[in-house]
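Only one structure is covered here, and it is reproduced in the block below.
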Amino acid sequence: MRLIHKATVINEGQSFIGSVLIEKERISKIYTDNIPENILQRCHEIIDARGLYLIPGAIDDQVHFREPGLTHKGDIISESRAAVAGGVTSFMEMPNTNPQTVTINALQEKFELAAQKSIANYSFYLGATNDNIEELLKVDKKNVCGVKVFMGASTGNMLVNNERALQQIFAEVDLLIATHCEKEEIVRENVDIYKKQFGEDIPIQYHPLIRSEEACYRSSAQAAALADKYGSRLHVLHLSTAREMSLFSNSLIKDKKITSEVCVHHLWFTDEDYARLGTRIKWNPAVKNRSDRDALRAALKSGKLDVVATDHAPHLLSEKEGGCLKAASGGPLVQHSLQAMLELSQNGVFSKEFVVEKMCHAPAELFQVEERGYIREGYFADLVLVNPDKLYTVDKNNVLYKCGWSPFEGETFRHGIEKTFVNGSLVFDNGKIVESTLGKALTFAR
């Protein structure tokens, strides 16, 4: 048995001094007062956590770990190590790898890879195409997080642009449908406009004008309309504009058929940062203006936006060279997402209890993840100890991403990740990965 003793437990909207007893993979007891002597004697380790926050492990519902086929920039081993170093104990990974994860066989191969390599818990989306509805209908919804539909082309070639195919997916797939929403026709029209002005080398500050508010809104509205028509379970990923917020309600997650995600970079950066960071902050959808960012923060607080994730998408810096058309879209975030959100809480944007709600509890509720996302007796011991008084500066020496860089380089966060536990095992300890055990496949109460 292992005891985490006298931490400040942040869980289910409360903060209190408590101790958590771990037996094997699970939380066996939560103490808020004195611990029986016989329990103390039986513990093989007692961790003095006074002054530290104890929170559930974060669940990231959107990452790209690049395996198979794109492992020069990231793989399941490297990126899951980065995840646990950042307090993310479970991830859900996207299908635009090589080969693309658009068949049940390819999906199963990913699960087998993760079972051999991932230090964090995991699940994988099956990707939709214009013609793989039969594969989508075979998905085991107890063991697969969802189906991914690219309603705007991003990294890879999985654009579902056939209206009949989209209607069939929304009508027939009895599983969470996660969408990337940008209207491809509008993006192409905007590219043509700026090509006439700049040729092939469009400066990066025009990226949010190419992947515009209109492109995002029109596509998200189409997804919401399809979900309304067919009663689909829709989850819209990485919202980036104020206008899109009108499409969502602020009712409880359990009462929603249409839910939404916002990513850390859209809550942190604005278009003012392109001058400083250039293509390092080139994402699809694009980081937009300050009023959009502020609207996203407000929508998250109001409950219109349900979860916070990363869209972690590593590229080599050499692949990020060029302007709007040449530089790869995406960036590595999973190691620093929790710290960035806690920094926003330190700045008064959100409370620390709210950060835990949106990064730990809400993803578990939204995806119906079994026995994770909370500090509860009987739940898996996915836990993170955070030091609220430990300055941490991001630099190349402490970045664990295989691509070797972070858009947060030079940023000093006022919270450090001390320890991370996955299924009761210590996997990260004061700056070092502990190669002890591997994570497990997530299961879903559906």
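Restricted to segment 2-73, the set of strands (runs of 3 or more DSSP E) holding at least 2 residues that are farther than 23 Å from residue 121 by Cβ, free of Cβ contacts under 8 Å to residues at least 60 places away in the same chain and not polar (S, T, N, Q) comprises 2-11, 14-23, 45-48. Filtered by the rule that a residue be within 30 Å of residue 72 (Cβ to Cβ) and among the acidic types (Asp, Glu), segment 384-419 gives 395, 409, 411.
Selection within segment 431-446: residues that are outside any loop (DSSP other than H, G, I, E, B) and under 30 Å from residue 233 (Cα atoms). The member of this set that is least open to solvent (accessible area, probe 1.4 Å) is 444. The sole residue among 425, 345 that is of a type in the set (Ser, Thr, Tyr), under 28 Å from residue 44 (Cβ atoms) and out of contact with any strand residue (DSSP E or B) (no Cβ under 8 Å at 6 or more places or on another chain) is 425.
Once segment 400-418 is narrowed to residues that are open to solvent by 20 Å² or more (accessible area, probe 1.4 Å) and either assigned to a loop (DSSP other than H, G, I, E, B) or hydroxyl-bearing (Ser, Thr, Tyr) (or both), the residue that is nearest to residue 370 (Cα to Cα) is 400. Suppose we filter 98, 132, 121, 162 for residues that are buried (at least 24 other Cβ atoms within 10 Å of the Cβ), more than 21 Å from residue 211 (Cβ to Cβ) and out of contact with any helix residue (DSSP H, G or I) (no Cβ under 8 Å at 6 or more places or on another chain); which single one remains? Selected residue: 121, the only one of 98, 132, 121, 162 that is buried (at least 24 other Cβ atoms within 10 Å of the Cβ), more than 21 Å from residue 211 (Cβ to Cβ) and out of contact with any helix residue (DSSP H, G or I) (no Cβ under 8 Å at 6 or more places or on another chain).
The sole residue among 384, 355 that is buried (at least 20 other Cβ atoms within 10 Å of the Cβ) and not in a helix (DSSP H, G or I) is 384.
Let me confirm something: among 421, 428, which residue is farther than 30 Å from residue 275 by Cα and open to solvent by 10 Å² or more (accessible area, probe 1.4 Å)? Steps first, answer last, please.
Working: 421 fails: open to solvent by 10 Å² or more (accessible area, probe 1.4 Å).
Only one candidate passes the filter, namely 428.
Pick out the one residue from 295, 327, 309 that is open to solvent by less than 50 Å² (accessible area, probe 1.4 Å), touching a His at 6+ places or on another chain (Cβ under 8 Å) and modelled with pLDDT of 95 or more. Before you say what the answer is, go through the steps one by one.
Working: 295 fails: touching a His at 6+ places or on another chain (Cβ under 8 Å); 327 fails: touching a His at 6+ places or on another chain (Cβ under 8 Å).
One residue alone meets the criteria, 309.
Counting only helices (runs of 4 or more DSSP H) that sit wholly inside segment 145-237, those with at least 3 residues that are of a type in the set (D, E, K, R) and at negative phi are 163-172, 184-198, 213-230.
Would you mind finding the one in 155, 103 that is open to solvent by 30 Å² or more (accessible area, probe 1.4 Å), at pLDDT below 95 and among the β-branched types (Val, Ile, Thr)?
Values: 103 fails: at pLDDT below 95.
Only one candidate passes the filter, namely 155.
The values are calculated or read from the model by the stated rules, or taken from the named source; none is laboratory data. Bear in mind that the values here come from a model prediction, so they are computed numbers and not experimental data. Neighbour counts are summed over all protein chains in view; Cβ atoms, including those assigned to glycine, are modelled from backbone coordinates with ideal geometry. In case anyone asks, the SASA skips ligands and DNA or RNA and just uses the protein heavy atoms, side chains included. Shrake-Rupley method; radii C 1.70, N 1.55, O 1.52, S 1.80 Å.
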